[in-house]
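Below: one structure, written as structure tokens.
The values are calculated or read from the model by the stated rules, or taken from the named source; none is laboratory data. Everything numeric here is computed off the predicted structure, so don't read it as measured data. Please note: Cβ atoms are built from the backbone with ideal geometry, for glycine as well, and neighbour counts cover all protein chains shown. Only protein heavy atoms, including side chains, enter the accessible area calculation; ligands, DNA and RNA are left aside. Shrake-Rupley method; radii C 1.70, N 1.55, O 1.52, S 1.80 Å.
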Amino acid sequence: MTAGPERIARWRAQLHAARDTLGQRFLANPRPGAYLAKHSQTIDRLLQDIWRSHELPATAALVAVGGYGRSEMYPQSDVDVLILTGDDLTEAAHGRFEPLIALFWDVGLPIGHSVRRLSECLEESGKDITVQTNLLEARFLAGDKRLFGRFRQAFQAQLDPLAFFEAKLLEQSNRHGRFADRAMRLEPNLKESPGGLRDLQTVQWVAQAMGLPSQITALAQTGLLTAGEARRLNAAARLIGELRIRLHLAAKRREDRLLFEFQESLAQQFGLAGKGPRRAAELLMQRYYQAAREIGFANELLLGILRQRLYVLAKASPIEGAPGFLRRDNLLDLADEDLYAREPHAIFQTILTLQRQPELKGLAPNAYRALWRASRDIDAAFRRDPANRAAFLAIFREPRGVTLAVRLLHRLGLLGRYLPAFGRITGQLQHDLVHIYPVDEHTLMVLRNLRRLAVPELAHEFPLAHRLLREFTRPDLLYFAALFHDIAKGRGGDHSTLGRAVARRFCLDHGLAKQEAELVAWLVQEHLTLSRTAQKEDLSDPAVITAFARRCGTAERLTALYLLTMADIRATNPQIWNAWKDKLLRELYLSSRRALEGGAPVRDDIETRKQQARAALQLYGYEAGVEQALWSKLDDVYFLRHEAQEIAWQTRRLLPLLKREDTVVRARLAPIGEGAEVMVYAPDEAGLFARICGFFAAMQYTVLEARIHTTRDGHALDSFLVMDEANRAIPYRDLLSYIEYELAAALKAKRPLDALGGVRLSRQLKSFPIEPEIVLAPSDNYAGYVLSFTAGDRPGLLYDVARILAQAKVDVSSAKINTLGGRAEDVFVVNGEGLAQAGARLALEQALLGALKL
């Protein structure tokens with residue numbers, strides 16, 4: 001018997017109607033568990049009806065497996081089924097299942113199917129952990145029930161719980177590595193990311209393989225979880241499960257990533273509204289991160305307990321010099337589970353013992369759970385206790401294990417309880433197109449980066465910073481500054497100023513000397529200053545260096561700020577850090593250090609650069625004095641803005657071509673190790689800067705810096721540092737030749753400055769646009785104006801700005817291009833006759849705002 005078109009249409013209509021009804025009821029009364037069960041039951045009835053409508057072999061069974069097998073059917077999940085047959089079923093009989101599978105698809109079921117004989121199922125499950133896991137949750141639907149019973153009996157008989165545990169642990173470790181990247185931080189996968197539903201399912205699978213119940217409440221009844229732990233875990237699973245259901249309903253496709261375009265609308269469905277500077281989506285993401293941390297805690301705890309049941313444990317032995325603690329299989333355990341209730345001081349002593357015993361690899365489950373419970377006992381009296389304060393400081397002063405110790409404090413909730421201000425930033429995400437981590441995770445990354453700078457094996461990464469940190473007498477003060485630098489995020493107002501007060505109070509309360517407390521507080525207050533100065537100010541201007549050095553006041557403060565800034569930027573977003581930013585920070589640090597130590601005056605510095613450039617030219621066979629043919633056309637500003645090796649390179653390239661009147665373009669790999677340095681020498685004319693920017697925009701290259709100089713004889717001598725953000729694999733010789741030839745041709749053609757077409761915005765920028773800000777003000781140091789703006793970054797942004805400036809007959813003297821993730825913060829020094837008039841400046845600002853708005 002086969003189903004006709006009318007019956008197929010009826011099945012399809014029934015399925016759609018049932019799903020629509022379930023979705024509407026869920027949105028009106030969200031109960032994730034009930035929805036998943038009823039959705040599974042709806043599909044059960046449909047599949048059973050279809051199975052009965054076909055004449056199928058008697059020795060065959062329809063079996064639900066995977067998520068469908070455990071009756072957890074999300075709106076867009078695949079319907080995973082196994083058609084199980086007896087070993088004696090012929091190939092011809094197997095062919096009778098093909099129309100059935102096609103019909104499943106015809107009625108609108110996203111089927112994931114396999115047709116296997118009983119022996120094949122058992123053989124494959126023994127070889128493939130994924131197959132074994134799917135079959136672990138097999139559930140009978142229709143057909144030969146006795147065949148299914150024989151399968152279950154044989155499957156359980158060959159299941160090795162210890163091997164299964166080890167395989168799932170390895171699988172989880174690999175999955176965490178795949179789903180812990182940048183994208184998963186901003187748009188986490190509700191199923192696969194660390195702390196997602198899969199972490200909970202991994203525990204349930206292992207428990208089931210060991211013959212234990214898999215449901216959370218049932219696990220609590222076996223003693224693996226307390227009633228309170230089960231309630232919190234159920235609440236976290238419910239939140240993420242509800243999010244996943246709502247996401248599927250909104251996307252109308254199988255989408256498990258919490259994409260930007262859905263975050264705001266889902267937040268509204270949860271009844272959340274923006275508060276002050278924080279969007280509703282950010283509040284939703286904070287709830288998600290907190291739930292993910294709860295699942296992550298339960299995963300670590302329960303897998304540790306199950307491991308103890310599977311392995312033969314060595315006898316525990318006391319730890320010398322650490323009364324109350326035991327060593328059990330290289331894990332720290334407690335001699336008495338009531339230790340923390342009797343001796344609250346032991347809470348931080350546990351962490352110190354781990355740091356001081358390098359052979360210990362972590363906490364035994366009993367100690368892990370006891371510490372987590374002890375977080376509830378951290379109150380105001382605990383925080384005021386001098387012994388606890390001393391122990392907390394000691395954790396940061398230990399020579400090893402600081403990062404792991406602080407991460408453990410955070411994972412167990414101890415850090416947020418001891419520092420309530422830190423608890424408030426836990427899970428707090430900001431959609432500023434810059435930060436990709438919640439504030440708490442970013443803070444711990446800053447601490448990690450500072451610790452890495454001191455590791456001798458990693459000294460090659462940042463040699464200067466490594467040496468400075470090794471010479472810094474009190475690195476713990478840097479760690480405290482890292483801990484507090486973003487502590488006031490999300491409160492409204494200047495988080496640096498608010499954080500300074502919190503940091504200073506902490507230091508004084510914990511007995512640090514006033515001078516030490518002031519250093520930490522100052523670092524928190526100024527933690528953005530070095531970065532802003534390096535990336536927005538003209539570092540060739542002696543006044544900029546002098547002002548910044550005065551702001552630091554001492555070499556100690558300058559060094560501390562340099563180290564903190566490096567660690568901070570690199571912990572914000574891995575894509576933000578590059579060799580160019582490294583060079584800027586290092587240049588500002590060294591110049592300011594020299595100023596603080598009474599360095600040479602500007603004129604001596606210029607002469608030194610000239611001497612170094614001459615020496616480099618002589619290495620290439622140039623006679624002394626030949627450089628004057630070019631240098632006589634250049635003023636002091638040029639020599640201040642360029643390093644000696646850049647001066648020498650440009651001189652070598654231009655000396656043979658000075659008598660030519662046409663455009664010269666030369667390019668080389670940037671000395672910083674990334675990107676290309678491009679020099680343009682051409683008759684100065686309106687629109688030149690815009691055309692150069694347009695060329696690089698068409699190449700999809702990012703301009704990191706532009707130094708614009710006009711020679712005394714009316715030529716433009718411009719330098720650009722550009723980088724391929726797409727990291728395309730283009731041979732550098734081909735690339736440099738292409739830039740030299742094509743850019744020169746484009747400048748000679750003098751085509752109209754037309755707008756670029758087909759510009760695509762990132763999904764994040766579409767969902768969370770930045771309101772552009774523009775400041776146009778007279779320069780303190782130049783006979784011109786400083787134009788700065790903040791806007792969402794996009795392809796061709798710099799070209800659009802340059803095009804508008806050209807149309808307004810405004811010349812660009814220099815440009816600092818600062819891209820922070822998806823956020824552009826650019827600064828230009830500009831001049832033009834019309835800028836003296838207020839009306840002209842207003843018109844220019846309005847035109848730029850129009851171009852910057854998305």
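Key figures
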item	result
Residues located in segment 391-404, provided they are open to solvent by 60 Å² or more (accessible area, probe 1.4 Å) and under 23 Å from Leu334 (Cβ atoms)	Arg400, Leu404
Meets criteria (of a type in the set (Asp, Glu), in contact with a helix residue (DSSP H, G or I) (Cβ under 9 Å, 6 or more places away or on another chain) and under 19 Å from Ala28 (Cα atoms)) for Glu242	yes
Any hit, segment 94-101, residues being open to solvent by 10 Å² or more (accessible area, probe 1.4 Å), over 43 Å from the mean Cα position of the chain (by Cα) and among the charged types (D, E, K, R)	yes
Any hit, segment 406-418, residues being over 25 Å from Leu301 (Cα atoms), touching a helix residue (DSSP H, G or I) at 6+ places or on another chain (Cβ under 7 Å) and at pLDDT 90 or above	no
Which listed residue, of Phe270, Phe325, is surrounded by fewer than 19 Cβ atoms within 10 Å (Cβ to Cβ) and either among the hydrophobic types (A, V, I, L, M, F, W, C) or under 30 Å from the mean Cα position of the chain (by Cα) (or both)	Phe270
Test: residue in segment 51-58 that is among the aliphatic types (A, V, I, L, M), within 27 Å of Cys121 (Cα to Cα) and in contact with a strand residue (DSSP E or B) (Cβ under 9 Å, 6 or more places away or on another chain)	yes
Checklist (1) free of Cβ contacts under 8 Å to residues at least 40 places away in the same chain; (2) buried (at least 20 other Cβ atoms within 10 Å of the Cβ) applied to Leu508, failing item	(2)
Given (1) among the β-branched types (Val, Ile, Thr); (2) more than 30 Å from Arg794 (Cβ to Cβ); (3) touching a residue at least 40 places away in the same chain (Cβ under 8 Å), number of the condition Val455 does not satisfy	(3)
Any pair with Cβ under 9 angstrom, 6 or more apart, that starts in segment 611-639 at a residue that is without any contact (Cβ under 8 Å) to a residue 24 or more places away in the chain and ends at one that is polar (S, T, N, Q) and part of a helix (DSSP H, G or I)	Ala624/Gln618; Trp631/Thr651
Single match in Ala667, Ala648 (criterion: closer than 16 Å to Gln611 by Cα, buried (at least 21 other Cβ atoms within 10 Å of the Cβ) and touching a Leu at 6+ places or on another chain (Cβ under 8 Å))	Ala648
Segment 544-554: number of residues that are open to solvent by 20 Å² or more (accessible area, probe 1.4 Å) and within 12 Å of Leu519 (Cα to Cα)	2
Residue within segment 46-57 that is under 30 Å from Arg257 (Cβ atoms), of a type in the set (D, E, K, R), open to solvent by 10 Å² or more (accessible area, probe 1.4 Å) and more than 34 Å from the chain's Cα centre (by Cα) present	no
Unique residue being touching a Leu at 6+ places or on another chain (Cβ under 7 Å), surrounded by 16 or more Cβ atoms within 10 Å (Cβ to Cβ), within 30 Å of Glu264 (Cβ to Cβ) and charged (D, E, K, R) when the list is Arg803, Arg794	Arg794
So Leu848, is it over 22 Å from Asp538 (Cβ atoms), open to solvent by less than 50 Å² (accessible area, probe 1.4 Å) and of a type outside the set (Gly, Ala, Ser)	no
Pairs with Cβ under 9 Å, 6+ apart, first in segment 30-41 and aliphatic (A, V, I, L, M) and at pLDDT 95 or above, second open to solvent by 30 Å² or more (accessible area, probe 1.4 Å) and assigned to a helix (DSSP H, G or I)	Ala34/Arg25
Residue within segment 343-351 that is free of Cβ contacts under 8 Å to residues at least 24 places away in the same chain, open to solvent by 70 Å² or more (accessible area, probe 1.4 Å) and assigned to a strand (DSSP E or B) present	no
Where a residue in segment 678-694 is under 23 Å from Leu657 (Cβ atoms) and open to solvent by less than 50 Å² (accessible area, probe 1.4 Å) and its partner, wherever it lies, is of a type in the set (Lys, Arg) and not in a strand (DSSP E or B), with Cβ under 7 Å and at least six apart	Met679/Arg653
Residues within segment 450-463 that are assigned to a helix (DSSP H, G or I), under 20 Å from Leu590 (Cα atoms) and open to solvent by 30 Å² or more (accessible area, probe 1.4 Å), tallied	1
All positions within segment 10-58 that are part of a loop (DSSP other than H, G, I, E, B) and not basic (Lys, Arg)	Asn29, Pro30, Ser53, His54, Glu55, Leu56, Pro57, Ala58
Conditions (1) farther than 20 Å from Ile216 by Cβ; (2) assigned to a helix (DSSP H, G or I); (3) over 33 Å from the mean Cα position of the chain (by Cα); number of the one not met by Gln308	(1)
Residues located in segment 549-580, provided they are over 18 Å from Leu464 (Cβ atoms), under 25 Å from the mean Cα position of the chain (by Cα) and not in a helix (DSSP H, G or I)	Asn573, Pro574, Gln575, Ile576
